[in-house]
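Q: Below is the structure I would like to discuss, written out as structure tokens.
The values are calculated or read from the model by the stated rules, or taken from the named source; none is laboratory data. These numbers were taken from a predicted model, which means no experiment stands behind them. With ideal geometry, Cβ positions are generated from the backbone for all residues, glycine too; neighbour counts draw on all protein chains shown. Just so you know, the surface numbers come from the protein's heavy atoms only, side chains and all, with ligands and any DNA or RNA stripped out. Shrake-Rupley method; radii C 1.70, N 1.55, O 1.52, S 1.80 Å.
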Amino acid sequence: MAERRATAKPAAEPDFLQFNDLACETVGGKVIFATDEWFAPAKNLLKREPPRFIPSAFTEFGKWMDGWETRRKRIPGHDWCIIQLGVPGLVHGLDVDTSFFTGNHSPHVSIQAACLDELPLFTPGEDRTGMAATGAQTAAVAKLSSEFWPELLGPSELQPGYADCCHNYFRVGTNSRVTHLRLNMYPDGGIARLRVFGIGQRDWSSVPTNQDVDLVALTNGGVCLGYSDAHFGHPRNMIGLGRAANMADGWETARRLDRPKTLKADQRGILQVPGREWAVFRLGHPGLIGGVEVDTNHFIGRCIRVMTAASSRNKSIFLSVYFPLRRGALHPNPMELWEMGSSSSTSEGKYLAALGSSVISFLTSIFLSVLQLRPHDRHHYSKADLIQNGPVSHVRLIIAPDGGVSRLRLWGRPVLVPGAPANQNRPPSKL
């Protein structure tokens, strides 16, 4: 519990960090049980914000810590908690963050996973600092038999919360949908954050065929596959829940260094500037898109100026859609594309070439005409504004020249496509 030592040169981050955090409190993740929360409550594990350290902050129970910290265990056993994912889905990686827990971090951890058909009927109170689970709570959670859930991560050593080693990354793989996790501390101590990176899975059999849904939303299985720049905010933020809380809750690029010293506009009022930024998304399910929403909420001085259409056959820019041409050509493996797609040195053309080869064959098509965006506003485009070409499986959002977008919504109706991968057919679930 001290100021962290000098930071060494950071190692390369694992590619799974580009996926959605399925456990974050902002998407509905919550801790429904914890054995002990004496120094700091377990709900802190799921905060969106990075951990903080305030040297002078103390509570009546001891040092205030921005994470989950249990008391020093003086009875048999170990501490653990149950986490309900906000977005059930496939888990690809974990970040067990011990930031600022330098003399009090949990030395080892393991994580078990389950897919429950029904939500447990118990939830803890809002502030459980200084508390431990009651006998009634322990008896209720015992009905889940969580100690027998399959291991997602076996017992693994954790590094302390210094800046150069606080992120404990673990690559995991599941072929089945996960709704709940059991986080085991061995034997006690503190963890600042738990990030659960993966891709949401929805039970599409429950969606009426005449109902419009946001096909790219992270809750519906949308995922960002690649981008050109994410200096201030990751493109995956655009497919999050609700409207953005602030600029950090959207996609924002760095200012392009190749912009001219003096900006000029053409007769249509469109700025004549070089360059563009882009992001590619895979929809949660192929579908017919009938409406598009582009929200620039909070981006007042950093809003993008124009958006336009794009295809591989011309030089116009903004939103293009991808149509599968052959059986099995719908969903590339995101993990295979991230090494190229997240590299700042990779050109858009090279990335899209890799995308095309990975999915066998694609036809790109113009989706929207040249449009200007207003700052801090919602822009809606109806079916009449779109060029329809059939079911869409992927979209490429392109902004010119740079700036920020807080949300992207693609409203449409899911359609069945021959040769669709198994992840389009979700097992029935009440979650």
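Q: If a residue has to be of a type in the set (Phe, Trp, Tyr) and not in a loop (DSSP other than H, G, I, E, B) to count, how many in the range 133-169 make the cut?
A: 2
Q: Does Ser345 qualify as being open to solvent by 40 Å² or more (accessible area, probe 1.4 Å) and modelled with pLDDT under 60?
A: For Ser345, the condition - open to solvent by 40 Å² or more (accessible area, probe 1.4 Å) and modelled with pLDDT under 60 - is met.
Q: Restricting to the range 268-296, what's the tally of residues that are more than 20 Å from Gly242 (Cα to Cα) and not in a strand (DSSP E or B)?
A: 8
Q: Which residue is modelled with the lowest pLDDT, if the candidates are limited to the range 193-208 and must be under 18 Å from Leu22 (Cα atoms) and assigned to a loop (DSSP other than H, G, I, E, B)?
A: Within the range 193-208, the match that is modelled with the lowest pLDDT is Asp203.
Q: Please give the number of the condition Ala248 fails out of (1) assigned to a loop (DSSP other than H, G, I, E, B); (2) over 25 Å from Lys383 (Cα atoms).
A: Single failed check for Ala248: (1).
Q: Continuing with this model, one more query. Mind listing whichever residues of the range 157-170 are among the aliphatic types (A, V, I, L, M) and buried (at least 21 other Cβ atoms within 10 Å of the Cβ)?
A: Answer for the range 157-170, where residues must be among the aliphatic types (A, V, I, L, M) and buried (at least 21 other Cβ atoms within 10 Å of the Cβ): just Leu158.
Q: Thr296 versus (1) closer than 30 Å to Cys115 by Cβ; (2) in contact (Cβ under 8 Å) with a residue 24 or more places away in the chain: which is the lone unmet condition?
A: In the conditions (1) closer than 30 Å to Cys115 by Cβ; (2) in contact (Cβ under 8 Å) with a residue 24 or more places away in the chain, Thr296 misses (1) alone.
Q: Give the residues of the range 231-244 that are touching a residue at least 60 places away in the same chain (Cβ under 8 Å) and outside any helix (DSSP H, G or I), sorted by residue number.
A: Scanning the range 231-244 gives Phe232, Gly233, His234, Gly240, Leu241, Arg243, Ala244.
Q: Looking at the range 193-229, which of the residues that are of a type in the set (Val, Ile, Thr) and open to solvent by 20 Å² or more (accessible area, probe 1.4 Å) is nearest to Gly240 (Cα to Cα)?
A: In this case the residue turns out to be Thr219.
Q: If a residue has to be more than 15 Å from Phe16 (Cα to Cα) and in contact with a Leu (Cβ under 9 Å, 6 or more places away or on another chain) to count, how many in the range 223-241 make the cut?
A: Within the range 223-241, residues that are more than 15 Å from Phe16 (Cα to Cα) and in contact with a Leu (Cβ under 9 Å, 6 or more places away or on another chain) number 4.
Q: Within the range 171-192, restricting attention to residues that are in a strand (DSSP E or B) and under 19 Å from Pro88 (Cα atoms), which residue is most open to solvent (accessible area, probe 1.4 Å)?
A: Taking the candidates together, the pick is Arg171.
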